[in-house]
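Below you'll find the structure, written out as structure tokens, and then a few comments.
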Amino acid sequence: MRTGDIRSLWRASALPGVAWLVLFVVVPAYAVLAIAFGRVNFLFQPVPYWNPFHWNPGYISEALSGAVPGGEFWPSIRNTLVYVACSLGLCLLIGYPVAYYVARHARRSKTLLIVLLVIPFWVSYLLRMLAWIGLLANGGYVDQLLQAIGIANPPDWLNGNAYSVILALVYGYIPYFILPVFAGLDRIDKSQIEAARDLGATPWQAFTRVTLPLSRPSILAGSALVVLPMFGDYYTNDLMSASPRTAMLGNEINLFVLGGNQQPLGASLVIVLMLILAVGMSYYLLQTLRDARRLA
């Protein structure tokens, strides 16, 4: 088979994937834009404007002006940034040692540990959050444990408590962080670490100068996998708090989309969320390119 035929074959094999992206990513994204730049009719139903020349910037202007400090939506955006940052930090502190141990030190038990890491995917996310509600409810097992160690008045975990939301986000998404980090650590050639030790590096120096830099691409990949769904998450907050004090941007979007005549404003907040995520994804892509060039 000629080289040109092989290239044509590979291009043709990519067509289903391209069609999938167009139908389920590009078209829905443009629909959100059309609703965000549209209007509502006399029945307060959204009227999307598909022609960009007819777009109405009123709702998107309201969303952008409310997204800055002091704006109407700033508390939700601030909560989202803080909760996601704290959750990502905890995922890193908890998940990286677990992935490192499974990849480097677990031998006979490696298969069993991998299975245990995958098991959470077998259970519905909603059911796992409901289990946390049972644990954190007033008089639940967590309160009983705190009272047993001398804390007479444990906090109200399920009534506007930011710590409960962060804890639930970490619990819900940390498997998505551990698995890619484990895969990256498992692929590191052990001979590079042994070479560092032969050159006089201590175990800590070999880790910080060899293992950690080589695992940075997998850390970035795991971070992207947990950050992207966290930014749009709203049901975790609804289940664990259901308080305006802990509302995230996803809660605001859900409120406007499902209730009243503010669907265009909800779509505009989706655009704001996409802009925030675009900043993080740009950093991820730049760092990934740099690491690929460095490791090439």
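Remark on Val40: its backbone amide H falls under 5 Å from those of Val47, a criterion applied only to residues 5 or more positions apart or on other chains, H modelled at 1.01 Å from N.
Each helix, a run of at least 4 DSSP H residues, gives -39500 (n - 2.57); summed and divided by the residues of the chain, these come to -22500 deg cm²/dmol at 222 nm.
Each residue, Ser8 and Ala85, gets one label point 7 Å from its Cα in the Cβ direction; the gap between the two is 5.5 nm.
Spacing of the modelled spin labels on Asn159 and Leu275, each 7 Å from Cα toward Cβ, amounts to 3.8 nm. Rounded if a/c is under 1.5, else prolate if a/b is larger than b/c, else oblate: which is the stretch 148-293, with a ≥ b ≥ c the root eigenvalues of its Cα gyration tensor? Oblate is the answer for the stretch 148-293, as a/c is 1.5 or above yet b/c matches or exceeds a/b. Distance between the modelled labels on Arg128 and Leu21, one decimal in nanometres: 2.9 nm (7 Å Cα→Cβ projection). Annotation for the stretch 197-215 versus the stretch 8-24: alpha-carbon center distance of 42 Å. Excluding ligands, DNA and RNA, the accessible surface per residue across the chain is 59 Å² with a 1.4 Å probe.
Longest span of the chain, sites excluded, free of trypsin sites (Lys or Arg not before Pro) in DSSP loop with at most 13 other C-beta atoms within 10 Å?
Segment 109-296 is the longest.
Computed extension length for Ser243-Ala183: 17.8 nm, one decimal, from 0.36 nm per residue of separation with the Cα-Cα distance subtracted.
Taking 0.36 nm per residue of sequence separation and removing the Cα-Cα distance, the Leu286/Gln144 pair yields an extension gain of 46.3 nm. Farthest toward the positive end of the dipole of the stretch 13-129, out of His54, Val22, Pro69, is the Cα of Val22, where the dipole comes from beta carbon charges about the Cα centre.
The values are calculated or read from the model by the stated rules, or taken from the named source; none is laboratory data. Since we're looking at a predicted model, the values are computed, not measured. As a convention, Cβ positions derive from the backbone with ideal geometry for all residues, glycine included, and neighbour counts pool all protein chains shown. Side chains are part of the model used for accessible areas, which takes the heavy atoms of the whole protein and leaves out ligands, DNA and RNA. Shrake-Rupley method; radii C 1.70, N 1.55, O 1.52, S 1.80 Å.
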